[in-house]
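Computed from the coordinates by the stated procedures, all read-outs in this text should not be read as laboratory data. Just so we're clear, the structure is a prediction, and the values are computed from it rather than from any experiment. Counting neighbours? That spans all protein chains shown, and the Cβs are built from the backbone with ideal geometry, glycine included.
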Amino acid sequence: MCGFAGFIDLARRTPEADLLARAEGMAARLCHRGPDGDGVWADAAAGLGLGHRRLAILDLSPTGHQPMVSADGRYVIAYNGEVYNFPELRAEMEEEGVIFRGPCDTEVVVEAIAAWGLEAALGRMTGMFAFALWDKAEHTLCLARDRLGIKPLYWGRCGGHFLFASELKALRAHPAGKATVDRDALAAYLRFGYVPAPRSIYAGVSKLEPGAFLTLREGSEPEIRYYWDLREITRSAHARQGDLDDTEATDRLDDLLRHAVKGRMVADVPLGVFLSGGVDSSTVTALMQAQSSRPVKTFSIGFTEFAFDESDEAAAVACHLGADHTELTVSPADARAVIPNLPHIYDEPFADSSQIPTYLVSRLASRRVSVALSGDGGDEMFAGYNRHRLAAGAWQRLERTPVALRGAAASCLRTIPPWLWDMLFALSPPKLRHVLTGDRMHKLARMLPSIDGADLYGRLVSQWPDPESLIGEVAREGEQIWDDPGLVRDLPELMARMRYMDTMGYLPDDILTKLDRASMAVSLEARVPLIDHRVAEFAAGLPPHMLIRDGRGKWLLRQVLHRYVPEELVARPKTGFGVPLDSWLRGPLRDWAEGLLSRSRIEEEGFFAPAPVRKAWKEHLSGRRNHQHKLWAVLMFQAWRTSERPSN
């Protein structure tokens with residue numbers, strides 16, 4: 001895994017020495033992504049500077065040095081990621097007469113582009129990647145990102161320069177990389193807890209979206225095209241896969257996942273796997289161990305707070321599989337010590353509090369391995385979220401109830417504070433206590449008044465449902481993915497729409513961002529086999545009964561897992577990879593939070609209206625409401641401002 005950065009001086013006035021120096025300075029900000037080597041390259045006539053940092057995973061020799069020039073001298077590439085089918089692509093090109101200088105997959109990528117063209121090569125690559133490609137013959141820059149957005153890529157035009165990089169901090173290292181906060185993006189951030197693509201937190205700087213490539217020709221505006229379209233794949237896949245029976249579907253998924261996991265086990269350095277004990281990570285671990293001749297190295301963390309601790313389940317799965325298990329029990333102080341580093345790690349406001357345990361398990365694994373597989377993506381691929389189960393059945397029944405009646409029921413639910421609901425549910429059977437919680441009752445209250453499926457989804461994924469009212473100045477979120485009127489036409493089934501929106505939005509912008517930044521912060525490469533694009537294409541066409549049965553999600557994925565791990569070892573209800581943020585904000589984090597949420601501080605910053613923030617904070621401290629997610633979004637923005645201090 002690596003990081004890269006570069007720029008084009010559109011006026012072509014920068015001397016070559018300065019091009020190289022500035023590219024080197026930008027890439028130096030990414031040394032955590034690539035501690036094993038660096039390189040720069042420049043085209044003075046075009047005003048291009050290109051920098052790279054290398055984390056050597058495949059081919060540890062100098063033949064993997066980047067930026068890399070194609071054999072014909074036409075293309076120069078700076079590349080971040082892994083293409084898992086590079087041996088097959090290499091063999092095919094060798095039959096066509098291409099001679100390779102070394103065993104690196106980067107060379108296969110650039111030679112595939114030289115042989116077949118960019119779009120054709122992208123369509124044949126399987127993996128996670130982002131890269132910048134310079135065509136010396138056409139004076140054209142191309143930026144590309146993998147199908148599901150596993151690897152990041154930012155770009156923007158700033159002060160007569162076109163800048164691009166794996167992380168925003170590299171853009172800020174360029175003299176022209178001074179940007180202002182985009183208040184429209186800030187409104188979207190408050191809704192989701194992350195800045196949704198194609199926006200970034202900075203005005204004029206964008207994220208390249210998953211499955212896209214950008215072309216910048218001399219004298220022209222950037223052109224963005226897509227080489228992979230999950231929406232069309234989902235629409236057509238339903239018609240093709242409706243007749244699969246249970247055994248055929250399980251066999252097919254087992255085969256796809258085994259192949260995906262095996263491809264991600266190729267490395268010239270030690271590798272392991274994150275194991276939480278849940279369905280997703282246990283499936284990846286089981287398939288790794290089934291294809292390994294030695295015990296797989298597994299890593300998990302536990303918490304002293306029982307409700308958030310899954311370490312016993314992880315240890316039981318590891319023992320059953322014969323894995324080499326490493327576990328670290330984290331104290332609240334250990335977890336809280338990470339918080340000051342979060343703004344630097346994530347580079348723009350990011351408010352998924354599971355960023356804390358993700359970083360901790362990455363740091364634990366990095367002490368023994370350089371590559372770790374992860375089970376991320378299973379919920380999006382195989383309907384693991386509560387909203388998917390809701391869409392599969394309950395919503396159709398609720399929708400027939402008058403909105404006014406549902407609104408009245410929601411008001412009643414909200415009158416009971418979460419802590420009192422929790423006390424009531426403590427009397428329920430043990431298996432239900434993880435499912436029935438006060439927070440979930442209040443989430444139910446939020447969704448009951450929904451007028452249609454789009455409104456339902458928006459309510460369920462929103463942290464601040466009315467973020468524009470929170471912004472001190474006029475801000476407009478713009479249209480969200482669920483506002484697209486053609487989506488209902490293409491994907492009439494509500495659960496299919498929800499899974500599509502999760503996969504193209506929440507997955508790359510939250511889940512994969514969290515994993516990439518946390519792992520790269522400790523120079524660890526994280527691989528995600530459950531979202532191999534062939535697995536995603538298969539899952540997109542699965543009918544609802546293959547995903548949800550007996551009120552439980554991920555039915556088909558569970559069938560694969562149960563071939564390797566007894567059901568009783570992974571039967572615990574889903575708890576998520578979280579931390580007790582609500583109680584921390586009332587206790588050990590209270591002083592820190594108060595400093596960032598004080599009225600004077602908010603007024604001084606000038607981004608938020610103080611009244612709704614202070615109201616949420618007071619209600620949370622009183623215990624009447626749990627506003628942990630709302631408050632964490634504001635706190636992470638305030639902490640990011642303190643850390644980065646970009647200009648207004």
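Just to be sure I understand: of the beta bridges DSSP finds with both ends in the chain, what percent are antiparallel, rounded to 5? Roughly 75 percent of the DSSP beta bridges within the chain come out antiparallel.
Seen from every direction in turn and averaged, the convex hull around the alpha carbons of the stretch 1-160 projects onto 8.9 nm². Distance from the Cα centroid of the stretch 520-537 to that of the stretch 348-412 is 18 Å (rounded to whole angstrom). Overall, the ratio between the Cα radius of gyration of the stretch 274-350 and 2.2 N^0.38 Å, rounded to two decimals, is 1.30. If one computes the Cα centroid of the stretch 106-177 and of the stretch 216-238, what distance in Å separates the two points? Comparing the Cα centres of the stretch 106-177 and the stretch 216-238, I get a distance of 15 Å. Taking Cα centre as origin and charging only the Cβ of basic (Lys, Arg, +1) and acidic (Asp, Glu, -1) residues, the dipole magnitude of the stretch 104-159 rounds to 280 debye. Could you tally the net charge around Lys443, taking each other residue with its Cβ under 11 Å from the Cβ of Lys443, Lys/Arg +1 and Asp/Glu -1? Neighbour charge sum, excluding Lys443 itself: +4.
Based on the convex hull around the alpha carbon atoms, the stretch 378-470 presents an average projected area of 7.6 nm². Computed about the Cα centre, the dipole magnitude for the stretch 2-228 is approximately 1140 debye when only Lys and Arg (+1) and Asp and Glu (-1) carry charge, each at its Cβ. Computed about the Cα centre, the dipole magnitude for the chain is approximately 2060 debye when only Lys and Arg (+1) and Asp and Glu (-1) carry charge, each at its Cβ.
Each other residue within a Cβ distance under 11 Å of Leu507 adds +1 if Lys or Arg and -1 if Asp or Glu, for a net charge of -4. When Rg and the Kirkwood Rh are both derived from Cα coordinates, the Rg/Rh ratio for the stretch 498-568 amounts to 1.03. Between Lys262 and His344, the modelled labels are 4.3 nm apart [label points 7 Å from Cα along Cα→Cβ]. What the Cβ-Cβ distance of Glu248 and Leu328 gives, at R0 = 45 Å and to the nearest 0.05, is a FRET efficiency of 0.65. With the helix formula -39500 (n - 2.57) applied to DSSP H stretches of n ≥ 4, the chain reaches a computed 222 nm mean residue ellipticity of -12000 deg cm²/dmol. For the chain, place one equal point scatterer on every Cα, skip the solvent, and apply the Debye formula. What is log10 of I(q)/I(0) at q = 0.05 Å⁻¹? Taken in order of the listed q values, log10 I(q)/I(0) reads -0.22. When Rg and the Kirkwood Rh are both derived from Cα coordinates, the Rg/Rh ratio for the stretch 103-210 amounts to 1.02.
When exposed loop sites are taken as trypsin sites (Lys or Arg not before Pro) in a DSSP loop with at most 11 other Cβ atoms within 10 Å, the longest stretch of the chain clear of them is 102-366.
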